[in-house]
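Visitor: Sharing a structure here in structure tokens format.
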Amino acid sequence: MPNSRMVFWQGNEACAYGAIKAGCRFYAGYPITPSSEIAETMARELPKVGGVFIQMEDEIASAAAIIGASLAGTKSMTATS
């Protein structure tokens, strides 16, 4: 994540960086337009902060995975169309 300089992000990138900054450490998602950039950013950036990214087979599986991570005490998220 960039430090102390002006950057230009798409809204989806800003969403992903904001989630990481807020403590999200688990992302389970199915990359689909219009939210593909969120998954791409999370896949690249989460490992840098000790987080986990998992690409799921569909939206329902993504929801189930983040519920499980949440119940285990991890801030988690998904994104979809």
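The values are calculated or read from the model by the stated rules, or taken from the named source; none is laboratory data. Bear in mind the structure is a predicted one, so any value in this text is a computation, not a measurement. Glycine also receives a Cβ, built like all others from the backbone with ideal geometry; neighbour counts cover every protein chain displayed.
Visitor: Exactly one of these conditions fails for VAL49: (1) crowded, with 17+ Cβ neighbours inside 10 Å; (2) under 19 Å from ALA72 (Cα atoms); (3) out of contact with any Phe, Trp or Tyr (no Cβ under 8 Å at 6 or more places or on another chain). Give me its number.
Guide: It fails just one condition, (1).
Visitor: Report yes if CYS15 is surrounded by 14 or more Cβ atoms within 10 Å (Cβ to Cβ) and touching a strand residue (DSSP E or B) at 6+ places or on another chain (Cβ under 6 Å), otherwise no. Please lay out each step first, then the result.
Guide: Details: surrounded by 14 or more Cβ atoms within 10 Å (Cβ to Cβ): yes; touching a strand residue (DSSP E or B) at 6+ places or on another chain (Cβ under 6 Å): no.
No: the conditions fail for CYS15.
Visitor: At pLDDT below 95, surrounded by fewer than 16 Cβ atoms within 10 Å (Cβ to Cβ) and of a type in the set (A, V, I, L, M) - does that describe any residue in region 20-40?
Guide: yes
Visitor: Which one of these is at pLDDT 95 or above, surrounded by fewer than 18 Cβ atoms within 10 Å (Cβ to Cβ) and more than 13 Å from the chain's Cα centre (by Cα): SER70, SER81?
Guide: SER70
Visitor: Being within 17 Å of SER76 (Cβ to Cβ) and over 10 Å from the mean Cα position of the chain (by Cα) is the filter here; which residues of region 2-34 pass it?
Guide: LYS21, ALA22, GLY23, TYR30, PRO31
Visitor: Would you confirm whether any residue within region 2-12 is over 16 Å from THR80 (Cβ atoms), buried (at least 16 other Cβ atoms within 10 Å of the Cβ) and of a type in the set (Lys, Arg)?
Guide: Narrowing region 2-12 to residues over 16 Å from THR80 (Cβ atoms): 2-10.
If we keep only those that are buried (at least 16 other Cβ atoms within 10 Å of the Cβ) as well, we get none.
Looking through region 2-12, none of the residues is over 16 Å from THR80 (Cβ atoms), buried (at least 16 other Cβ atoms within 10 Å of the Cβ) and of a type in the set (Lys, Arg).
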